[in-house]
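Notes for the one structure printed next.
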Amino acid sequence: MTSQLASQRVARRSSLRIFLMRPEVGSLIGALIVVVFFSVMAPSIRHPGSVSTVLYQSSTLGIMAVGVALLMIGGEFDLSAGVAVITSALAASMFAYQLGTNVWVGVGFALLVSLAIGAFNGWLLVRTGLPSFLVTLGTFLMLQGANLAVTRLVTGNVATNDISNMAGFNSARSIFASTFNVGGTDVSVSILWWLALVALGTWILLRTRVGNWIFAVGGNARSARAVGVPIVQTKVGLFMAVGLCAWISGMHQLFEYNTVQSGGGVGLELEYIVAAVVGGCLLTGGYGSVIGAAIGALIFGVVSQGVVYADWNPDWFKFFLGAMLLLATLVNMLVRHQVNRKQPA
Amino acid sequence: MTDASAVPAVVQLSNVSKYYGNICALSDINLTVRRGEVTCILGDNGAGKSTLIKIISGMHPHDAGVVRVHGKDIHFASPREALDFGIATVYQDLALVPLMSVWRNFFLGSEITTGMWPFRRLDVERMRRVADEELKNLGIDLPDIDAPIAQLSGGEMQVVAIARAIHFGAQVLILDEPTAALGVKQSGVVLKYIAAARDAGLGVIFISHNPHHAYLVGDHFAVLNLGRMELDAKRAELSIEQLVRHMAGGAELQALEHEMHR
Ligand SMILES: Nc1ncnc2c1ncn2[C@@H]1O[C@H](COP(=O)(O)OP(=O)(O)O)[C@@H](O)[C@H]1O
Ligand SMILES: [Mg+2]
């Protein structure tokens with residue numbers, strides 16, 4: 001009788017604990033704050049058209065944040081993720097243009113390039129044992145340089161040629177960069193890609209063996225190895241997942257703008273990391289959520305557009321983003337500290 | 001004694017040596033582990049106890065000598081291979097992932113899935129239920145199987161790791177200093193489960209530097225000193241006093257006793 005009562009009490013308290021233990025708590029509070037704040041300061045952000053723009057902005061960051069969050073939960077960083085998006089777009093564009101093929105051939109080539117970059121990052125990390133911060137700092141610089149150099153070599157210019165007249169462009173554009181109408185508002189297909197990736201990433205993380213391995217290699221790689229988790233494959237696979245996201249993101253940019261600026265992408269890798277950390281991913285790995293990273297990307301979208309609709313100097317955007325990062329991580333830390341204290345036996 | 005040696009050896013080491021660079025961590029070790037017995041490996045810090053079990057569990061390769069499992073010469077390339085031979089290890093650091101839930105830790109590396117690829121997914125309900133049952137069988141009743149394992153006490157974590165090894169069909173269970181960080185009461189709990197594993201027919205290798213803990217459950221004692229086997233004796237041939245004396249390095253202890261005598 002008493003033990004039944006006791007277990008009921010434990011069960012009741014744990015439903016609140018279970019909610020508070022979710023990694024997304026800090027980002028939810030942050031999202032609530034920025035949504036309310038900008039709804040008051042810039043009421044026009046509430047119009048359906050503005051909401052669509054906010055979601056679009058969020059999706060451009062959010063697509064990459066899915067891969068970066070999974071990688072961070074697996075215990076690693078990818079500083080090359082920002083320029084890798086440009087590399088993918090450049091690869092597709094120049095391959096198709098120079099060889100005069102259907103653009104879909106270029107799209108396929110870019111996928112191979114992106115996956116290969118991810119595999120190379122992962123392989124280098126595993127083989128050298130160097131921290132991923134260092135390995136991907138190296139590939140970041142290499143890709144940044146190669147993007148500029150190869151583009152100049154091939155096109156004699158800093159940007160690629162317009163591919164909008166080439167065969168296959170329209171079908172590729174409809175897949176990667178079209179808009180569709182929802183109740184009179186134009187919505188970008190990029191948002192669908194984002195939502196689909198978030199759903200897929202969450203499912204993999206929480207409901208598959210690979211997801212279990214991702215948490216384990218990030219939480220304690222030695223323990224994971226000792227019970228037979230394939231840590232090399234898991235880590236290399238995670239870097240390749242970032243590559244896949246970079247490909248999707250790169251294809252969106254290519255078919256949205258028809259040409260690619262070879263110097264782009266620098267600095268975006270930090271914004272992906274910010275989204276993941278705001279969303280509750282531990283910098284040290286082993287803990288986090290893809291949905292949290294999506295909320296982190298949403299905060300980013302709300303702030304970047306909110307500053308515009310409030311008619312402020314866009315410089316304030318970075319300031320807000322930094323403040324959100326601190327606030328959300330502090331909330332995450334405090335909550336986790338409270339909840340994860342050992343209960344007296 | 002004769003019927004004990006009639007039980008076939010599961011793991012047998014002959015003249016095994018291991019070097020870390022220039023350091024000779026183990027030299028010329030002979031050891032036989034049988035089913036239904038607790039083999040205790042004792043020794044001071046740095047004696048080579050962890051190194052010895054890392055060879056048996058596939059963490060490190062040996063440099064010389066022969067390791068036989070079920071009579072077969074083996075050179076494990078990874079802990080996974082050792083697991084496939086039925087050798088499970090509960091390391092000093094327990095091989096648990098602190099922020100993961102109890103049931104996810106229990107099944108880590110051997111998850112149960114359901115459905116067809118590409119929809120193959122974790123059978124969450126089944127894993128939670130099995131983990132809960134297996135822990136209850138060992139007398140551990142946790143309020144919340146979804147809680148991060150870091151919230152459990154040290155003794156409870158040991159038992160989760162032991163329960164996991166038994167559940168996955170281990171024939172040899174290796175425990176590296178399971179009682180080192182525990183209080184008296186929790187140590188007792190863990191020793192009880194060591195005896196339970198032995199009675200279930202497993203060959204248990206129990207590493208300790210506490211001869212009193214070892215003598216409570218041990219059938220067979222091996223004392224290491226600076227990488228050499230100093231003593232290899234059956235329980236019947238040894239008293240607890242002799243074991244303590246051997247562990248403290250016999251002659252060294254006598255000298256110390258003499259010095260300290262007031
Ligand atoms: N990975 C390693 N690299 C180099 N030396 C090691 C390593 N592991 C252990 N040693 C050395 O080998 C000896 C035996 O260590 P260990 O097996 O851990 O002893 P124990 O577990 O009995 O305390 C010690 O001198 C230790 O410093
Ligand atoms: Mg040791």
_Cβ-based charge dipole, chain A, positive-most Cα from A:F176, A:V278, A:M21_ = A:M21
_Solvent-accessible surface ranking, highest first, for A:H47, A:H252 at 1.4 angstrom_ = A:H47, A:H252
*Under 24 Å from the Cα of B:K185, which lysines turn up, not counting those fewer than eight places away in the same chain?*
A:K342, B:K136
*Which of B:H60, A:T60, B:H213 sits closest to the plus end of the dipole of the protein assembly as shown, meaning its Cα is farthest towards the positive end, when Lys and Arg get +1 and Asp and Glu get -1 on the C-beta?*
A:T60
*asked:* Given the whole protein assembly as supplied and a 1.4 Å probe, what does the accessible area of A:F19 come to in Å², nearest 10?
replied: 110
*Can you give the calculated 222 nm mean residue ellipticity of chain A, where each DSSP H run of n ≥ 4 adds -39,500 (n - 2.57) and the sum is split over every residue, rounded to the nearest 500 deg cm²/dmol?*
-25500 deg cm²/dmol
*Taking the Cα centre of the range A:24-339 as origin, work out the dipole magnitude from +1 charges on Lys and Arg Cβ and -1 charges on Asp and Glu Cβ, in debye rounded to 20.*
780
*To the nearest 10 Å², what's B:C24's accessible area with a 1.4 Å probe?*
60
_For the range A:53-86 versus the range A:31-51, the gap between their alpha-carbon centres in whole angstrom_ = 24
*Identify which of B:M247, B:M157, B:M116 has the largest mean-square fluctuation in a Gaussian network model of chain B, with springs joining Cα atoms closer than 10 Å.*
B:M116
_For chain B, take the longest principal axis of its alpha carbons; what is the angle in degrees between that and the long axis of helix B:251-260, to the nearest 10 within 0 to 90?_
70
*asked:* Please enumerate, by chain and number, the lysines with C-alpha under 26 Å from the C-alpha of B:K234, excluding those fewer than 8 residues away in the same chain.
replied: B:K18, B:K49, B:K54, B:K72, B:K192
*Under a point-charge model restricted to the Cβ atoms of Lys and Arg (+1) and Asp and Glu (-1), what is the dipole moment magnitude of chain B relative to its Cα centre, in debye to the nearest 20?*
440
*Which whole number gives the average count of other chain Cβ atoms within 10 Å of the Cβ atoms across peptide B:145-154?*
3
_For chain A, take the longest principal axis of its alpha carbons; what is the angle in degrees between that and the long axis of helix A:316-339, to the nearest 10 within 0 to 90?_
30
*Got a sec? What order do B:I29, B:I240 fall in by accessible area at 1.4 Å, biggest, i.e. largest, first?*
B:I240, B:I29
*Which of A:L115, A:T208, A:S39 sits farthest toward the positive end of the charge dipole of chain A, with +1 on the Cβ of Lys and Arg and -1 on the Cβ of Asp and Glu?*
A:T208
*Per-residue mean of other chain beta-carbon atoms within 10 angstrom of the beta-carbon, peptide B:101-108?*
4
*Antiparallel as a % of all DSSP beta bridges within the protein assembly as shown, to the nearest 5?*
60
_How tilted is helix B:154-167 with respect to the longest principal axis of chain B? Cα atoms for both, answer in degrees (0 to 90, nearest 10)._
70
_With DNA, RNA and ligands ignored, accessible area of B:D132 (1.4 Å probe; Å², nearest 10)_ = 40
*Within 10 Å of each Cβ in A:16-29, the average number of Cβ atoms from other chains*: 1
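The values are calculated or read from the model by the stated rules, or taken from the named source; none is laboratory data. In this text, all values refer to a predicted model and were calculated from it rather than measured experimentally. Using ideal geometry, Cβ is built from the backbone for each residue, glycine included, and neighbour counts are taken over all protein chains shown. These area figures cover heavy atoms from the full protein model, side chains too; ligands, DNA and RNA do not enter into them. Shrake-Rupley method; radii C 1.70, N 1.55, O 1.52, S 1.80 Å.
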